[in-house]
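**Student:** The structure is given below, and queries will be raised subsequently.
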Amino acid sequence: MTTGTATTAAEDRELLRSAAVNAGIIAAGYFRTEFRTWTKENASPVSEADLVLDQFLGNTLLGARPDYGWLSEERADNAERLTHRRVFIVDPIDGTRGFIRGEDSWTVTLAVVEDGIPIAGVVYAPARDEMYDAALGHGARFNGRPLVRQRHPGRTAPLIPAPGAVHQELQAGGLEYARGPAYPSLAYRLVQVATGHLDAAVTRRGAQDWDIAGAACILREAGVGFEDVCIGALRFNRPEIRHGALAAFGEPSLKAPLHAALVKVYGCPQQQEVDLERR
């Protein structure tokens, strides 16, 4: 396995920040203009801006750290990444649907993962001029200042965005809360739990490494719980890059009802195996 350089997590964070800012400048040239779009085999959209940013980020990041591996939404996966201790995990535009519609909460989402753990992460929303970043052991930041979670003073109930079926289970479980906005960028939605704009956020099964690795680093450094509701701690850069149902929660009291609702809706692999055996 490639051992990598002696670069620190903080140095990797600064590299990600610089690359994200420049990628945001490039993306701004496409945003709210006419540009080409396609639909992938999995029915998700992609635009020419996604591909241009992916090429720029690959050249920039791997040019600076040629001994790192690479995993990006916009490139075919290559098992060679598994031979590297450190890997860039990249989503050039997270929230492409929103980007295409002209909504402003799309993000450039970047991470460096070492031995399965995100050690540096950036979630940058260029159209909102919002930069969220973190490095392992150095805390999380918002626009260069320490990120301190602050719940809205006028809010009397937790604010939680979730799919409709999860809302039904949360309500059936008796949780008193308000429905939050479902931003097209999953990474942006997650970091709003770190700011306190949201009290929790969840994902259905199927989120992939590039959707969540950058946000995972920021949430951890901000002291926000974020885990797979079936197996617990998240690991990245594995052969399987898809994850189970996930929950991020700013208050420990929200963990149990969120986990219960997500398990009820999406199940756990072990449960599904038992169910198949019983059929």
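**Student:** Out of segment 15-43, which residues are surrounded by fewer than 16 Cβ atoms within 10 Å (Cβ to Cβ) and assigned to a helix (DSSP H, G or I)? Quick ask: steps written out before the conclusion?
**Tutor:** At the first step, the residues of segment 15-43 found to be surrounded by fewer than 16 Cβ atoms within 10 Å (Cβ to Cβ) are 18, 21-22, 25, 28-29, 32-43.
Within segment 15-43, S18, V21, N22, I25, A28 qualify.
**Student:** Out of curiosity, is L198 assigned to a loop (DSSP other than H, G, I, E, B), in contact with a Gly (Cβ under 8 Å, 6 or more places away or on another chain) and crowded, with 24+ Cβ neighbours inside 10 Å? If you could, list the steps in order and put the result at the bottom.
**Tutor:** Values: assigned to a loop (DSSP other than H, G, I, E, B): yes; in contact with a Gly (Cβ under 8 Å, 6 or more places away or on another chain): yes; crowded, with 24+ Cβ neighbours inside 10 Å: yes.
Criteria met by L198.
**Student:** Also, I was wondering about something else. Within segment 38-50, is even one residue among the β-branched types (V, I, T), out of contact with any Phe, Trp or Tyr (no Cβ under 6 Å at 6 or more places or on another chain) and at pLDDT 95 or above? Break it down stepwise before answering.
**Tutor:** From segment 38-50, those among the β-branched types (V, I, T) are 39, 46; that's our starting set.
Cutting the leftovers down to out of contact with any Phe, Trp or Tyr (no Cβ under 6 Å at 6 or more places or on another chain) gives us 39.
In the following step, the residues that additionally are at pLDDT 95 or above were identified as none.
Checking segment 38-50: not a single residue is among the β-branched types (V, I, T), out of contact with any Phe, Trp or Tyr (no Cβ under 6 Å at 6 or more places or on another chain) and at pLDDT 95 or above.
**Student:** Here's another thing I want to ask about it. In the list P153, P66, which residue meets the criterion of being closer than 29 Å to L262 by Cα and more than 20 Å from the chain's Cα centre (by Cα)? Even if it seems obvious, please write down each step before you answer.
**Tutor:** Numbers: P66 fails: closer than 29 Å to L262 by Cα.
On inspection, the qualifying residue turns out to be P153.
**Student:** I've got another one for you. Taking segment 177-195 as the search range and keeping residues that are under 25 Å from C268 (Cα atoms) and in contact with a Lys or Arg (Cβ under 9 Å, 6 or more places away or on another chain), which one is surrounded by the fewest Cβ atoms within 10 Å (Cβ to Cβ)?
**Tutor:** Only one residue fits best here, namely A182.
**Student:** Okay, next question. Restricting attention to segment 120-172, report how many residues are more than 27 Å from R204 (Cβ to Cβ), surrounded by 20 or more Cβ atoms within 10 Å (Cβ to Cβ) and of a type in the set (V, I, T).
**Tutor:** Total meeting the criteria: 0.
**Student:** Scanning for something touching an Asp or Glu at 6+ places or on another chain (Cβ under 6 Å), hydroxyl-bearing (S, T, Y) and closer than 20 Å to T60 by Cα, does segment 107-120 turn up at least one residue? First the steps, then the outcome.
**Tutor:** So in segment 107-120, the residues touching an Asp or Glu at 6+ places or on another chain (Cβ under 6 Å) come out as 107, 109, 112, 120.
Filter again for hydroxyl-bearing (S, T, Y), leaving 107, 109.
From what's left, closer than 20 Å to T60 by Cα: 107, 109.
So far as segment 107-120 goes, yes, one or more of its residues are touching an Asp or Glu at 6+ places or on another chain (Cβ under 6 Å), hydroxyl-bearing (S, T, Y) and closer than 20 Å to T60 by Cα.
**Student:** Now for a separate question. If you go through segment 79-95 one residue at a time, do you hit one that is more than 24 Å from P126 (Cα to Cα), out of contact with any strand residue (DSSP E or B) (no Cβ under 9 Å at 6 or more places or on another chain) and in a helix (DSSP H, G or I)?
**Tutor:** Among the residues of segment 79-95, at least one is more than 24 Å from P126 (Cα to Cα), out of contact with any strand residue (DSSP E or B) (no Cβ under 9 Å at 6 or more places or on another chain) and in a helix (DSSP H, G or I), which makes the answer yes.
**Student:** Still on this structure, please answer the following. Restricting attention to segment 169-189, does a residue exist that is of a type in the set (K, R), part of a strand (DSSP E or B) and within 28 Å of S44 (Cβ to Cβ)?
**Tutor:** Yes, the conditions are met somewhere in segment 169-189.
**Student:** Still on this structure, please answer the following. Among the listed residues G223, G214, which satisfies the condition of being assigned to a helix (DSSP H, G or I) and in contact (Cβ under 8 Å) with a residue 60 or more places away in the chain? Steps first, please.
**Tutor:** On the way: G223 fails: assigned to a helix (DSSP H, G or I).
Of G223, G214, the one residue that is assigned to a helix (DSSP H, G or I) and in contact (Cβ under 8 Å) with a residue 60 or more places away in the chain is G214.
**Student:** Any idea which of (1) modelled with pLDDT of 95 or more; (2) of a type outside the set (S, T, N, Q); (3) exposed (fewer than 15 other Cβ atoms within 10 Å of the Cβ); (4) within 26 Å of S44 (Cα to Cα) is the one A76 doesn't satisfy?
**Tutor:** Condition (1) is where A76 drops out.
**Student:** Can you find a residue in segment 86-101 that is among the charged types (D, E, K, R), crowded, with 20+ Cβ neighbours inside 10 Å and closer than 26 Å to R145 by Cα?
**Tutor:** So in segment 86-101, the residues among the charged types (D, E, K, R) come out as 86, 91, 94, 97, 101.
Going one step further and asking which of them are crowded, with 20+ Cβ neighbours inside 10 Å, we end up with 86, 91, 94.
Now drop any that are not closer than 26 Å to R145 by Cα, which leaves 91, 94.
The answer is yes, given that some residue of segment 86-101 is among the charged types (D, E, K, R), crowded, with 20+ Cβ neighbours inside 10 Å and closer than 26 Å to R145 by Cα.
**Student:** Take A64 and tell me if it is modelled with pLDDT under 95 and not aromatic (F, W, Y).
**Tutor:** Details: modelled with pLDDT under 95: no; not aromatic (F, W, Y): yes.
Spelling it out, it is not the case that A64 is modelled with pLDDT under 95 and not aromatic (F, W, Y).
The values are calculated or read from the model by the stated rules, or taken from the named source; none is laboratory data. Computed from a predicted model, the values in this text were never measured in an experiment. Using ideal geometry, Cβ is built from the backbone for each residue, glycine included, and neighbour counts are taken over all protein chains shown.
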